[in-house]
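Working notes for the structure below.
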Amino acid sequence: MSAPLKDKVALVAGATRGAGRGIAVELGAAGATVYVTGRTTRDHRSEYDRPETIEDTADLVTEAGGHGIAVPTDHLEPDRVAALVERIATEQDRLDVLVNDIWGAEHLFAWDTPLWEHDLDDGLRLLRLAVETHAVTSHHALPLLLRRPGGLLVEMTDGTADYNRATYRNSFFYDLAKTAVLRMAFSLGHELGPRGATALALTPGWLRSEMMLDHFGVTEPTWRDALDRVPHFAISESPRYVGRAVAALAADPEVARFNGASLSSGGLAQEYGFTDLDGSRPDALRYLVEVQDPGRPADVTGYR
C-alpha cells in the first residue's frame with residue numbers, strides 16, 4: 001500500500017472530532033505519525049460534553065496505517081502548548097505538518113443575532129477559542145516546523161476568502177473568527193514562504209460532523225434520511241474528504257504554489273483527484289454560490 005507520508009510527523013491541533021479527526025485519520029492512512037490534541041479524553045470531557053475523545057482519534061489514526069499519539073492540550077494555555085511541542089521535538093526531532101483546527105465554540109454564537117444583542121462573554125470566549133488558540137499554537141510550533149524545508153501549515157476555517165468577503169457568516173463573532181483565520185494563513189504565508197515553508201487556509205464544505213449528524217438525527221450511513229427536511233444537505237461531505245485534501249497537500253512536493261492561498265476541499269478534489277468515502281466529489285462552495293444562496297431548488301447534479 002502507498003504511504004506517501006511515511007516518516008512524516010504531523011500535529012493536528014483540535015482533533016477530537018469533526019474535520020480534525022477526519023484530517024488526522026487521513027494523514028495516518030498516508031503513513032504519517034500524527035499527534036492529536038484536544039480537551040476531551042476518556043477521563044475528562046470539555047464543556048461540549050460529547051463522547052468523542054482524542055484517544056479514540058489516535059486509535060483511528062493507527063488503525064488507518066499511521067501512528068496516532070493523543071496529547072491532552074488546552075491551546076489557550078501557552079505553557080501546555082509549549083510542552084506539547086517540546087515533546088514532539090524530543091520524540092521526533094521534526095514537525096512536517098501543522099493543522100490548526102482548534103474551534104470548540106459551536107455553542108457560543110447565536111445565529112442572526114446582532115452584536116449589541118449577542119451575549120458579550122460568549123462572543124469574546126468564541127474569539128479566544130477560535131483565534132487566540134491558533135496564534136498560540138503557531139507561535140510555539142512553527143520553529144520546529146521550520147527546522148526542515150518543506151513544512152506545511154494548514155489553517156482550518158469555514159468558507160473561502162472570496163466567499164466570506166461577500167457573505168455574512170451567521171453572526172458578528174462567527175464571521176470575525178472565520179475571517180481572522182483566513183487572514184492568519186495569508187500573513188503566515190508571507191512569513192513562512194521565504195523560510196522554506198507553506199501556509200494556507202482550508203475550508204470543508206457542509207461537513208457531516210458528529211454534531212451535525214446528531215442535530216439532524218441521522219448517522220453517517222443514514223445521512224440521506226435528512227434530505228426530506230434539509231434538501232441542500234445533499235451536498236454535504238464526510239470529515240474524511242477534507243482529510244484527504246490535507247493528505248494530498250502534505251504529499252505534494254510543489255505545495256508551495258498554494259502559499260498564502262484560501263482553498264476548499266471540493267476545489268482540491270478537482271486538483272488532486274481524490275474522492276469522498278462514497279466515491280463522489282462534492283463541490284460545496286460552488287454549490288452554495290450557484291444554487292443554495294440564490295434560493296434555487298436543491299439539485300446536486302454537476303456538483304458531486
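What number of residues in segment 11-49 are closer than 15 Å to residue 96 by Cβ and under 11 Å from the mean Cα position of the chain (by Cα)?
Matching residues across segment 11-49 total 4.
Note down all Cβ pairs under 7 Å where the first residue falls in segment 156-170 and is over 18 Å from residue 283 (Cα atoms) and touching a residue at least 60 places away in the same chain (Cβ under 8 Å), the second is surrounded by 14 or more Cβ atoms within 10 Å (Cβ to Cβ) and among the aromatic types (Phe, Trp, Tyr), and they're at least six residues apart or on different chains.
Taking only residues 6 or more apart or on different chains, the pairs are 170/109.
Please give the number of the condition residue 218 fails out of (1) farther than 30 Å from residue 86 by Cα; (2) of a type in the set (Val, Ile, Thr); (3) in a helix (DSSP H, G or I).
For residue 218, the failing item is (3).
Just wondering, is there one or more residues in segment 83-92 that are of a type outside the set (A, V, I, L, M) and more than 26 Å from residue 148 (Cα to Cα)?
Scanning segment 83-92, I find no residue that is of a type outside the set (A, V, I, L, M) and more than 26 Å from residue 148 (Cα to Cα), so the answer is no.
Out of 286, 296, which single residue is among the charged types (D, E, K, R), under 24 Å from residue 155 (Cβ atoms) and without any contact (Cβ under 8 Å) to a residue 24 or more places away in the chain? Can you show your working first?
Values: 296 fails: under 24 Å from residue 155 (Cβ atoms).
So the residue among 286, 296 that is among the charged types (D, E, K, R), under 24 Å from residue 155 (Cβ atoms) and without any contact (Cβ under 8 Å) to a residue 24 or more places away in the chain is 286.
Yes or no: segment 278-295 includes at least one residue that is assigned to a helix (DSSP H, G or I), among the β-branched types (Val, Ile, Thr), at pLDDT 95 or above and in contact with a helix residue (DSSP H, G or I) (Cβ under 6 Å, 6 or more places away or on another chain). Break it down stepwise before answering.
First pass over segment 278-295, keeping only residues assigned to a helix (DSSP H, G or I): 284-292.
This time we only want the ones that are among the β-branched types (Val, Ile, Thr), so: 289, 291.
Right, trim to at pLDDT 95 or above and you get 289, 291.
Filter once more, keeping what is in contact with a helix residue (DSSP H, G or I) (Cβ under 6 Å, 6 or more places away or on another chain): none.
No, segment 278-295 has no match at all.
Of the residues 3, 58, 15, only one is part of a helix (DSSP H, G or I), touching a Gly at 6+ places or on another chain (Cβ under 7 Å), closer than 24 Å to residue 144 by Cβ and of a type outside the set (S, T, N, Q); which?
Values: 3 fails: part of a helix (DSSP H, G or I); 15 fails: part of a helix (DSSP H, G or I).
It is 58.
Tell me whether segment 277-289 contains one or more residues that are closer than 21 Å to residue 199 by Cβ and either of a type in the set (A, V, I, L, M, F, W, C) or crowded, with 18+ Cβ neighbours inside 10 Å (or both). Give the derivation first.
Filtering segment 277-289 down to residues closer than 21 Å to residue 199 by Cβ leaves 285.
Remaining after also requiring either of a type in the set (A, V, I, L, M, F, W, C) or crowded, with 18+ Cβ neighbours inside 10 Å (or both): 285.
Scanning segment 277-289 turns up at least one residue that is closer than 21 Å to residue 199 by Cβ and either of a type in the set (A, V, I, L, M, F, W, C) or crowded, with 18+ Cβ neighbours inside 10 Å (or both).
Being outside any helix (DSSP H, G or I) and either in contact with a Pro (Cβ under 8 Å, 6 or more places away or on another chain) or modelled with pLDDT of 95 or more (or both) is true for just one of 250, 298, 269. Which residue is that?
On inspection, the qualifying residue turns out to be 298.
Among the residues of segment 236-244, are any surrounded by fewer than 18 Cβ atoms within 10 Å (Cβ to Cβ), in a helix (DSSP H, G or I) and either free of Cβ contacts under 8 Å to residues at least 24 places away in the same chain or within 19 Å of the chain's Cα centre (by Cα) (or both)? Let's see the steps before the verdict.
So the first thing to find is which residues in segment 236-244 are surrounded by fewer than 18 Cβ atoms within 10 Å (Cβ to Cβ), and the list is none.
Checking segment 236-244: not a single residue is surrounded by fewer than 18 Cβ atoms within 10 Å (Cβ to Cβ), in a helix (DSSP H, G or I) and either free of Cβ contacts under 8 Å to residues at least 24 places away in the same chain or within 19 Å of the chain's Cα centre (by Cα) (or both).
The values are calculated or read from the model by the stated rules, or taken from the named source; none is laboratory data. Since this is a predicted model, take the numbers as computed values, not measurements. Every residue, glycine among them, receives a Cβ derived from its backbone with ideal geometry; neighbour counts consider all protein chains shown.
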